[in-house]
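What follows is a single structure, written as C-alpha cells, with notes after it.
The values are calculated or read from the model by the stated rules, or taken from the named source; none is laboratory data. On a predicted model such as this, the values are computed, not experimentally measured, just so you know. A quick note on method: Cβ atoms are made from the backbone with ideal geometry, for glycine too, and the neighbour counts reach across all protein chains shown.
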Amino acid sequence: MTNLLEVVDLRTSFDTERGTVTAVDGASFTVAPGEVVGIVGESGCGKSVTAESILQLLDPASTTYSGQVRFGGEDLLTFGETAMRRIRGNRISMIFQDPMSALNPVFTIGDQLTEAILAHRRIGKQRARSEATELLEKTGIPEPQRRMRQYPHQLSGGQRQRVMIAMALSCDPELLIADEPTTALDVTTQSQILKLLIELKDEFDAGILFITHDLGVVAEICDRVVVMYLGEVVESANVHTLFDSPAHPYTRGLLASTPDIASDPSIDLPIIPGTVPTLHNVPVGCRFADRCSFVLPECRDRPIDLEVLSDGHSSRCIRSVKLFEDSAMSDGVAR
Amino acid sequence: MPLFATVVSDITIVLDIVDLEISWLNTGRILHKSDMCQRREVHMGGFLLRRAAALIPVLIVVAIVTFLLIHLMPGDAAAVMLGPEATPQQVETLRESLGLNQPLYIQFFTWVGNALQGDLGQSFFIGLPVISVIQAALAPTINLAIFAEIFAILVGVPAGIIAARKQGTGTDQAVMVGALLGISVPSFLLGLFLMLIFAVLLGWLPVAGYSPLEDGVFETLRYLLLPAIALGSMQAALIARMTRTSMLETLSKPYLKTAKAKGLSGNRIIYKHALKNAAMPILTTIGQTLGTLVAGAAVVETVFNVPGIGQLIVNSIERRDIVVIQGVILLIAVSYVLINFLVDVLYSVLDPRVRFS
C-alpha cells in the first residue's frame, strides 16, 4: 500500500525576538489511505505546528520549513502559495480545536460552507448551497436548512464542530487533519464527534492525521501513533504495540498517568515530574533526560537517534530495547 | 472674547453629555457572552425600534442644555445681544420679544414646541428665521463634511490595513509616522500649506470660496478638495490607527486560519473575513470623527472662506446673535446623536451578535 502522506525529516523554525526556535525538529511519519494516525504529546511538544506545517498555515513572514512533505508524489514544501491554495481544503483539509473561534462569527454557516465548496469547484451558487445542506445532514445536525441561515453563536459546541467537519469534507479530501477536534467539547459530545469522524472517514475513504493529548481517544480511533516530545518524534508504533509494550520512558509516563476506571482512587495517579523545557533552551542530549526516571549519564552527552525495534516500531532512547523487553517494569516512571 | 469661550464650552458640554448618555445607554449591550448564547431571534425592526426609543432621553437632555444656553451666559441675554450702547428701553423691548420675562418652564415648552415645528426663532440681526439662515449654510458644510469623511475613509482604512499586514516593517512605520503627522498638524496650518502649494504656486485649484452643487458637481469638488483634505487628514489618521489596531487583533484570530485552510486567497481572507470582523471599532471611530468634523469645519471654513455652518457660528458669535447660535448648537447636537444612532444600526448589520442580543 503506497502512503498517502510521507513526512520526511520535517523541520519548522520560527524567528522570534529571542532568536530562532525550532518547534518541529526532524519529524518523520506516514499516513496510508484510510488509516488513522495519531500524534500525541503534551502542550508545546510541536504536534499542532507539525499539523499546520503540512498545509503551511503558519505565518510565512517568520516561519521556515525544511525537509519534505510528500503528498500525491510531490513535495508540498516546494509548492508556492497559489499551488498550496489548490491543496488546502480540497485535497487536504483541517479541523481545528475550538469550533467557536474557528468559525467566523459574522458570516452564516451557509456562507462559510458554500465558500469552502466554491473555493475549489466550478459549480453554481445554488448547487453549492444544496450540497452544503446535504453535507450538514450527513454530519447529523438537526434541521440543516435552518442551520444554513444561522450564525455560529446560535449553535452548540458539538453542532459547530459538525459544521467544521462538514466544511472539511466539502471537497472530498484525501487527507483530513484533525487538530484536537474534541478537546473543547464535553465528554458525551466528544464520543459522538469521534464516531462521526470514523463513519465519515470510511464513507469518504480519507486518511486521518489525528492530533491529541488524550490517550483514551487514541486507543479508541487510531491505527498507529506517533509520540512527540519537544519537537521530536520519540516513539512511533502500531496502537496495540504502543499500549502493550511502550519502549520510550516518556510514552510509559504518559500511559501511566492516564486514569483508569479500575485504578484505586486512594492511590495518587503517577505523574511525569517537571515540565516541558522551553524551545529556547533545548537540552543537548536526550530532550527528556531531566524528567526521566531511567536516565543514565550518557543520555545527556549527544543527541539520541530514533532506533527501530521491530517492524513499524521505533523509539528514541538508548535503553529502548531493555525497556521494551523488560515487561516487569510496567509503570516505574514516577513515584 | 468671553462670549466665544462660553459658546465653545457650551458646545463641548452638550457633546460630552450626548456622549455620556450614549455610552450609558450602550453599557452591557454589545458582545456580552450571556447574550451571545441566547438563540432567540429578534427581528431587525424590533431592534431598530428599541434603539430609536433609546434616543428620546438623549434628545431631551440635548434640548434642555441647548435651551439653557441663553440663561447660562453671564449677565442678561438681551443686554449681551445689544451691546454696551443699548438703552434700557431697547433691552426691555428685546427681552419682551424673546419672551425672557416669562417663567423658565413656559419658555422651555414654547421653545421646544416651536423647535419641533421647525421654528427656531428669528435672527435679531439678519432679520430672517434661524431655520432658513441654517438651511442656507447647511449645504456647503454637509458637502464638505461628506467629502472630508470619504477622503478620510479612502485613505485611512487601506493605510491601516497595509500597516497591519506589514506590521513591524518600514511600510508600517511610514504609515504610523504619517498618522502621527495627520493628528499633530492643525487643520488650519495644513489648509494654508495646501492652499499655498496647489492654489497659489501651482494654480491647479481655486484659492478659496465655494461653488454650489447646482452649478456643477465638478466645480463644487474643485472648490472643496483642499478644504476636505485639510479637514479630513486628522480623521484619516485616526481611522488608519484604529484600522491597524483592530486588524492586528483580528489577524491572529483562529477563524482566519480556518479561512486559509479552506484554500482562500490572501486578499479574500483580509478583505472579506478579517475586515468585517475588524469593522466595529473602525466604524465607531468614523462615527465619532464625523461628529467632530462639524467643529473642525468652523476653522477650515474660515480659512477657505466656505459659507457654511462653521462660518455661521463664528459670524454669529461675533454678532452675539444668540438665537442663531442656539439653533446651530441644537442642530450639531442632534446630528451627533443621529450619527451615533446610524453607527449603532450599522453595527447590527455587520455583527449578527448585536442583533440577537
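Between B:THR66, B:THR93, B:THR87, the distinction of being touching a Leu at 6+ places or on another chain (Cβ under 6 Å) and at pLDDT 75 or above belongs to B:THR66 only. Among the criteria (1) in contact with a Phe, Trp or Tyr (Cβ under 7 Å, 6 or more places away or on another chain); (2) in a helix (DSSP H, G or I); (3) surrounded by fewer than 18 Cβ atoms within 10 Å (Cβ to Cβ), the one B:MET176 does not fulfil is (1). Scanning segment A:168-216 for residues that are part of a helix (DSSP H, G or I) and either small (Gly, Ala, Ser) or assigned by TED's automatic domain parsing to the domain that holds A:HIS248 (or both) yields A:ALA168, A:SER191, A:GLY216.
Candidates B:LEU231, B:LEU221, B:LEU283, B:LEU248: the one that is within 13 Å of chain A (Cβ to nearest Cβ), under 22 Å from the mean Cα position of the chain (by Cα) and part of a helix (DSSP H, G or I) is B:LEU283. Is it true that some residue in segment B:255-265 is closer than 21 Å to B:ALA139 by Cα and modelled with pLDDT under 85? No, every residue in segment B:255-265 fails to be closer than 21 Å to B:ALA139 by Cα and modelled with pLDDT under 85. Scanning segment B:263-319 for residues that are of a type in the set (A, V, I, L, M), out of contact with any Ser or Thr (no Cβ under 8 Å at 6 or more places or on another chain), farther than 30 Å from A:VAL106 by Cα and free of Cβ contacts under 8 Å to residues at least 60 places away in the same chain gives a single hit, B:ALA298. Do the conditions hold for B:ARG320, that is, is it away from chain A (no Cβ under 14 Å), on the phi > 0 side of the Ramachandran plot, out of contact with any strand residue (DSSP E or B) (no Cβ under 6 Å at 6 or more places or on another chain) and buried (at least 18 other Cβ atoms within 10 Å of the Cβ)? Taking the combined requirement at face value, the residue satisfies it. Cβ-Cβ contacts under 7 Å between residues 6 or more apart (or on different chains), taken from a first residue in segment A:245-256 that is assigned by TED's automatic domain parsing to the domain that holds A:GLU235 to a second residue that is in a helix (DSSP H, G or I) and polar (S, T, N, Q), are listed as A:ALA247/A:SER320; A:HIS248/A:SER320.
Per-residue answers, yes or no, for (1) surrounded by fewer than 22 Cβ atoms within 10 Å (Cβ to Cβ); (2) more than 14 Å from chain A (Cβ to nearest Cβ); (3) among the basic types (Lys, Arg):
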residue	(1), (2), (3)
B:ALA259	no, no, no
B:TYR271	yes, no, no
B:LEU275	yes, no, no
B:GLN288	yes, yes, no
B:ALA295	yes, yes, no
B:GLU301	no, yes, no
B:PHE304	no, yes, no
B:GLY308	no, yes, no
B:GLY327	no, yes, no
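Pairing residues of segment A:269-284 that are within 12 Å of A:LEU230 (Cβ to Cβ) with residues that are exposed (fewer than 13 other Cβ atoms within 10 Å of the Cβ), at Cβ distances under 8 Å and at least 6 apart in sequence or on separate chains, gives A:VAL276/A:SER43; A:HIS280/A:ARG18; A:HIS280/A:GLY19. Scanning segment A:94-109 for residues that are touching a Leu at 6+ places or on another chain (Cβ under 8 Å), touching a residue at least 60 places away in the same chain (Cβ under 8 Å) and facing another protein chain (nearest Cβ under 7 Å) yields a single hit, A:MET94.
Return yes or no: is B:LEU338 in contact with a Ser or Thr (Cβ under 9 Å, 6 or more places away or on another chain), of a type in the set (A, V, I, L, M) and not in a loop (DSSP other than H, G, I, E, B)? For B:LEU338, the condition - in contact with a Ser or Thr (Cβ under 9 Å, 6 or more places away or on another chain), of a type in the set (A, V, I, L, M) and not in a loop (DSSP other than H, G, I, E, B) - is not met. Among the conditions (1) away from chain B (no Cβ under 14 Å); (2) out of contact with any helix residue (DSSP H, G or I) (no Cβ under 7 Å at 6 or more places or on another chain); (3) not polar (S, T, N, Q), the only one that A:ALA27 does not satisfy is (2).
For segment A:217-245, filtering for residues that are farther than 26 Å from A:ASP202 by Cβ, touching a Ser or Thr at 6+ places or on another chain (Cβ under 8 Å) and outside any strand (DSSP E or B) leaves 2.
Note on segment B:113-125: residues that are surrounded by fewer than 16 Cβ atoms within 10 Å (Cβ to Cβ) and touching a residue at least 24 places away in the same chain (Cβ under 8 Å) amount to 1.
Count of segment A:146-204 residues, restricted to those that are surrounded by fewer than 16 Cβ atoms within 10 Å (Cβ to Cβ), more than 17 Å from A:PRO105 (Cβ to Cβ) and within 14 Å of chain B (Cβ to nearest Cβ), is 3. The condition (being over 21 Å from A:SER314 (Cβ atoms), of a type outside the set (Ser, Thr, Tyr), in contact with a helix residue (DSSP H, G or I) (Cβ under 9 Å, 6 or more places away or on another chain) and not assigned by TED's automatic domain parsing to the domain that holds A:ASP25) is satisfied by just one residue among A:PRO273, A:PRO283: A:PRO273. Of the helices (runs of 4 or more DSSP H) lying entirely inside segment A:68-156, those containing at least 1 residues that are closer than 18 Å to A:ASP179 by Cβ and assigned by TED's automatic domain parsing to the domain that holds A:ILE193 span A:81-87, A:99-102, A:109-118.
The criterion of at least 3 residues that are under 14 Å from the mean Cα position of the chain (by Cα) and surrounded by fewer than 22 Cβ atoms within 10 Å (Cβ to Cβ) is met, among strands (runs of 3 or more DSSP E) falling completely within segment A:1-42, by A:19-31. For segment A:110-122, the candidate set comprises residues that are within 25 Å of the chain's Cα centre (by Cα) and more than 9 Å from chain B (Cβ to nearest Cβ); within that set, the residue that is farthest from B:ASP351 (Cα to Cα) is A:ILE117. Inspect all residues belonging to segment B:317-325 and state whether any of them is closer than 24 Å to B:SER132 by Cβ, within 12 Å of the chain's Cα centre (by Cα) and of a type in the set (Val, Ile, Thr). Checked segment B:317-325: no residue is closer than 24 Å to B:SER132 by Cβ, within 12 Å of the chain's Cα centre (by Cα) and of a type in the set (Val, Ile, Thr).
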